[in-house]
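What follows is a single structure, written as structure tokens, with notes after it.
Just so it is clear, none of the values below were taken in a lab; they were calculated from the coordinates. The model shown is predicted, which means the values in this text are computed figures rather than measured ones. Cβ atoms come from the backbone with ideal geometry, glycine included; neighbour counts cover every protein chain shown.
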Amino acid sequence: MPLIPVKGKLKNKSDEQLLSLFLEKQDMDYLGELFVRYMHLVYGICLKYFKNRDDSKDAVMQIFEKVNTEVHNHTISNFKSWLYVVSKNYCLMELRKKGNKKFLQPEENIFVFMENKQEIHLVDNSDNLNLEKDLLNCIESLKKEQKLCIRLFYFDNKPYREIAEQMAFDEKKVKSYIQNGKRNLKICLEKKDGTKR
């Protein structure tokens, strides 16, 4: 699997710094360093779904291209978490194209809002089989605008601009609905989790 060239001086920079520098300067060295840090994670996800080393290696490069495109359309607070979901969604979409029904769970796109290591662990934890059901119920409980924006952003992977055009809202309004929706989802899930203990 070819490695993306890395400049040694970038190794000391944080994920946040590299992402900010890439968005500011559009220099692929910054995004390349960021991606290489987690390429083993991406490859592991691909291998889990494709069960084939060559297909997985090809997918890693395709995901890098996808990241390069998608990174401009999202507000990313945790690159590793975001990359995890982008990689997983890519694999699921490829399996869907090939007609493989085994892993298709489009609802899990929404888990991008869980942006830390512990919450990512929850997504794949077999002890949390009711989490997806609870999440979907919580989405249904959101206000109309929040629910629509959340679904378009996470389920349909639409950027803010397209959502704003589709719903005839200002982009800032769309961002606000998504941020408030995420907060309300977390509160709702915490309440559901509390009632089960």
**Message:** I'd like the Karplus ³J(HN,Hα) series for the range 70-87: coefficients 6.51, -1.76, 1.60, θ = phi - 60°, whole numbers in Hz, and an x wherever there's a Gly or Pro.
**Reply:** 6, 4, 7, 9, 10, 8, 10, 9, 9, 4, 4, 5, 5, 4, 4, 6, 4, 5
**Request:** Return the loop-located trypsin sites (Lys or Arg not before Pro) in the range 35-83 (DSSP other than H, G, I, E, B) with at most 15 other Cβ atoms within 10 Å of their own Cβ; answer none if there are none.
**Result:** Lys51
**Distance (nanometres) between label positions extended 7 Å along Cα→Cβ at Met167 and Glu140** = 2.0 nm
**Request:** Beyond 20 Å between alpha-carbons counts as too far, so tell me which of Lys143/Lys186; Lys158/Lys191; Lys144/Lys172 fall in that bin.
**Result:** Lys158/Lys191
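Pop the C-beta distance of Met28 and Lys80 into the FRET formula with R0 = 22 Å and round what comes out to the nearest 0.05.
E between Met28 and Lys80, to the nearest 0.05, is 0.70.
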**Prompt:** How big, in percent, is the set of alpha carbon pairs in the range 1-104 lying more than 24 Å apart?
**Reply:** 23 percent
